[in-house]
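The values are calculated or read from the model by the stated rules, or taken from the named source; none is laboratory data. Just so you know, these numbers come straight off a predicted model, no measurement behind them. Note: ideal-geometry Cβ built from the backbone for every residue, glycine included; neighbour counts use all protein chains shown.
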Amino acid sequence: MQEHRVCMHIDMNAFFASVEQQANPELQGKPIAVVGGGGRTVITTSSYEARAFGVKTGMAKWEALRVCPQLIIVIGDNKKYTYTSSRIMEMMKEYTPQVEVFSIDEAWLDVTHSLSIFGTPERIAYLLKARIKESFGITCSVGIAPNKLLAKLASDMQKPDGLTIIKPEDVSRILERMPIKELCGIGKKMERHLNMMSIYTCGELGRCDESRLTRKYGILGRVYKQMGQGIDDSPVTPNEEDDEVKSVGHSMTLRQDVERREDILKNLLQLSEMVGRRARRYGVSGKTVTLSVRFADFYSSFGKQNTLKSYINLSDDIYNAAVAILDTTELPQPVRQLGVRLSNLKYEAEQLSLFRDVQRKSDAIKAMDTVNDRFGEFKVTFGSILSSDQKGSHVISPAWRPDGIRNVDVQ
């Protein structure tokens, strides 16, 4: 009998660049860098051939060309990446239904109950690696461990094309000298704060007195200590049911930490528009609105739901409900990810409202949906969204449409 969970983290290596090299054989084996459209000049990602010259993500294009004069610049193709990602994620589901998409090029799998069918975790990993390589020409790094935190850590230990296993009996030894920055959820800012407490390794974090951490970080102090010990009880949660519409939702990872309420509200409005539009496309309304917030350390989070008196699917109604939830808490640190979900659904036949203003708003929303369905998201939208640099479906994060992962713009 399996005594512990077996989690797997799969990370596609240089995903955008690898997709481009497979789509164009002339690029294979050559140093390439992917940049966004719209005149952007920052490197989104680069092939391993380019990285060997020192080309890095976030580097200005002119600087990349300076360190690698033979670098080939490729404009990113959003549809190509999301299509390939969708197919790879579907392939993973052939081995377990417990697949949680973390971003467009990485996912967690819980294969605990798949071992009796496919054999060892290593065999499942090698099968997936071989199939992904054969079908898409893309290598991936795989981490296998007793939980998500350690599986993510393991997949980062051997790149590219690696397979790393962290067994339960080896956790303490591996974490003892592991820099804290290697843990998913410990960003540069948190690393600096912990360094000021003379904490540099996971072993030191795990041994730190819990009261010392909670005095500084509140209830998160206990979480950080557990991270240092390699403890993570969070389940691998499939992002959405495929067989039945039980809820509709969207999440977005922001390009930078956001503190100003005005900026948070702009992004909430955009998410509410996306959720409302999708609910209307399905022909459903919901009574329960859920708001989820992940903070700058990318580990701590806040989530709360509220059940309303009536069913809604108009974007501003969803937005108002989300803001009401937001106003019930104080945010302890800047925000990095937001999510809005509408659940407790019912299918409803369309009917005219008795109130002229309500009917006019409904008609206007329907006209917006028609234009956006035909010409693309946010061609017609709320004025306040137009000033948001997050507008459009460009976020590389678990975010879904009825037909799969939504398109992303390369930034």
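Can you find even one residue in the range 125-143 that is under 30 Å from PHE295 (Cβ atoms) and either in a helix (DSSP H, G or I) or among the polar types (S, T, N, Q) (or both)?
The answer is yes, given that some residue of the range 125-143 is under 30 Å from PHE295 (Cβ atoms) and either in a helix (DSSP H, G or I) or among the polar types (S, T, N, Q) (or both).
Among what's in the range 185-208 and is outside any loop (DSSP other than H, G, I, E, B) and hydrophobic (A, V, I, L, M, F, W, C), pick the residue that is nearest to ASN147 (Cα to Cα). Give the derivation first.
First, the residues of the range 185-208 that are outside any loop (DSSP other than H, G, I, E, B): 188-196, 201-207.
Then keep just the ones that are hydrophobic (A, V, I, L, M, F, W, C); that gives 190, 194, 196, 202, 205.
On the way: MET190: 22, LEU194: 23, MET196: 29, CYS202: 16, LEU205: 18 Å.
For the range 185-208, the residue satisfying everything is CYS202.
Taking the options ARG123, ARG131, name whichever one is free of Cβ contacts under 8 Å to residues at least 24 places away in the same chain, in the same structural domain as ALA17 (by TED's automatic domain parsing) and under 22 Å from LYS159 (Cα atoms). Show your work before the answer.
Values: ARG131 fails: free of Cβ contacts under 8 Å to residues at least 24 places away in the same chain.
Unique residue meeting the criteria: ARG123.
Just to verify a result, which residue in the range 91-110, among those that are of a type in the set (Asp, Glu) and over 15 Å from LEU127 (Cβ atoms), is farthest from the chain's Cα centre (by Cα)? Write out each step before concluding.
First, pick out the residues of the range 91-110 that are of a type in the set (Asp, Glu): 94, 100, 105-106, 110.
Subset that is over 15 Å from LEU127 (Cβ atoms): 100, 105-106, 110.
Values: GLU100: 10, ASP105: 9, GLU106: 9, ASP110: 17 Å.
Only one residue tops the list, namely ASP110.
Whether any residue in the range 220-230 is within 30 Å of PRO168 (Cα to Cα) and either modelled with pLDDT under 85 or of a type in the set (S, T, N, Q) (or both) is what I want to check. Show your work before the answer.
Restricting attention to the range 220-230, the residues satisfying the condition of being within 30 Å of PRO168 (Cα to Cα) are 220-230.
Cutting the leftovers down to either modelled with pLDDT under 85 or of a type in the set (S, T, N, Q) (or both) gives us 226, 229.
Yes; the residues of the range 220-230 include at least one that is within 30 Å of PRO168 (Cα to Cα) and either modelled with pLDDT under 85 or of a type in the set (S, T, N, Q) (or both).
Which condition number does LEU269 fail, the rest of (1) out of contact with any Leu (no Cβ under 7 Å at 6 or more places or on another chain); (2) assigned to a loop (DSSP other than H, G, I, E, B); (3) of a type in the set (A, V, I, L, M) being met?
All conditions are met except number (2).
Within the range 106-115, work out how many residues are out of contact with any Lys or Arg (no Cβ under 7 Å at 6 or more places or on another chain) and part of a helix (DSSP H, G or I). Give the steps one after another, and end with the answer.
As a first pass, look at the range 106-115 and keep what is out of contact with any Lys or Arg (no Cβ under 7 Å at 6 or more places or on another chain): 106-107, 109, 111, 113-115.
Checking the rest, the ones that are also part of a helix (DSSP H, G or I) come to 113-115.
Matching residues across the range 106-115 total 3.
Kindly establish whether LEU254 is touching a residue at least 40 places away in the same chain (Cβ under 8 Å), surrounded by fewer than 21 Cβ atoms within 10 Å (Cβ to Cβ) and part of a helix (DSSP H, G or I). Let's see the steps before the verdict.
On the way: touching a residue at least 40 places away in the same chain (Cβ under 8 Å): yes; surrounded by fewer than 21 Cβ atoms within 10 Å (Cβ to Cβ): yes; part of a helix (DSSP H, G or I): no.
Criteria not met by LEU254.
Please list, ordered by residue number, the helices (runs of 4 or more DSSP H) wholly in the range 1-105 having 1 or more residues that are among the hydrophobic types (A, V, I, L, M, F, W, C) and free of Cβ contacts under 8 Å to residues at least 24 places away in the same chain.
On the way: elements: 15-23, 48-51, 61-67, 78-92.
The helices (runs of 4 or more DSSP H) meeting that bar are 61-67.
Okay, residues lined up against (1) among the hydrophobic types (A, V, I, L, M, F, W, C); (2) part of a strand (DSSP E or B); (3) at pLDDT below 55:
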site: THR288; (1), (2), (3): no, yes, no
site: ASN306; (1), (2), (3): no, yes, no
site: VAL323; (1), (2), (3): yes, no, no
site: GLN337; (1), (2), (3): no, yes, no
site: VAL340; (1), (2), (3): yes, yes, no
site: VAL371; (1), (2), (3): yes, no, yes
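Enumerate the pairs (first residue in the range 327-339 and on the phi < 0 side of the Ramachandran plot; second residue anywhere and acidic (Asp, Glu)) with beta-carbon separation below 6 Å, excluding pairs fewer than 6 apart on the same chain, so at least 6 apart or on different chains.
PRO334/ASP257; PRO334/GLU259; ARG336/ASP257
Go through the range 150-168 and give me each residue that's under 24 Å from the mean Cα position of the chain (by Cα) and part of a loop (DSSP other than H, G, I, E, B). Step through it out loud before you land on a result.
First, pick out the residues of the range 150-168 that are under 24 Å from the mean Cα position of the chain (by Cα): 150-166.
Scanning the range 150-168 gives ASP156, MET157, GLN158, LYS159, PRO160, ASP161, GLY162, ILE166.
Filter the range 308-321 down to the residues that are assigned to a loop (DSSP other than H, G, I, E, B) and in contact with a strand residue (DSSP E or B) (Cβ under 8 Å, 6 or more places away or on another chain) and list them by number. Walk me through how you get there before you give the answer.
Quick first cut of the range 308-321, residues assigned to a loop (DSSP other than H, G, I, E, B) only: 313-314.
Listed by number, the list holds a single entry, ASN313.
If you scan the range 134-154, which residues turn out to be without any contact (Cβ under 8 Å) to a residue 40 or more places away in the chain and under 25 Å from CYS184 (Cβ atoms)?
LEU153, the sole residue that qualifies.
State whether the residues of the range 119-128 include one that is under 30 Å from SER198 (Cβ atoms), aliphatic (A, V, I, L, M) and touching a Ser or Thr at 6+ places or on another chain (Cβ under 7 Å). Break it down into steps so the answer makes sense when it comes.
Looking only at the range 119-128, we keep the residues that are under 30 Å from SER198 (Cβ atoms), and these are none.
Checking the range 119-128: not a single residue is under 30 Å from SER198 (Cβ atoms), aliphatic (A, V, I, L, M) and touching a Ser or Thr at 6+ places or on another chain (Cβ under 7 Å).
I'd like to check something: does the range 169-184 contain any residue that is outside any helix (DSSP H, G or I), more than 26 Å from SER18 (Cα to Cα) and in the same structural domain as VAL101 (by TED's automatic domain parsing)?
No, because not a single residue in the range 169-184 is outside any helix (DSSP H, G or I), more than 26 Å from SER18 (Cα to Cα) and in the same structural domain as VAL101 (by TED's automatic domain parsing).
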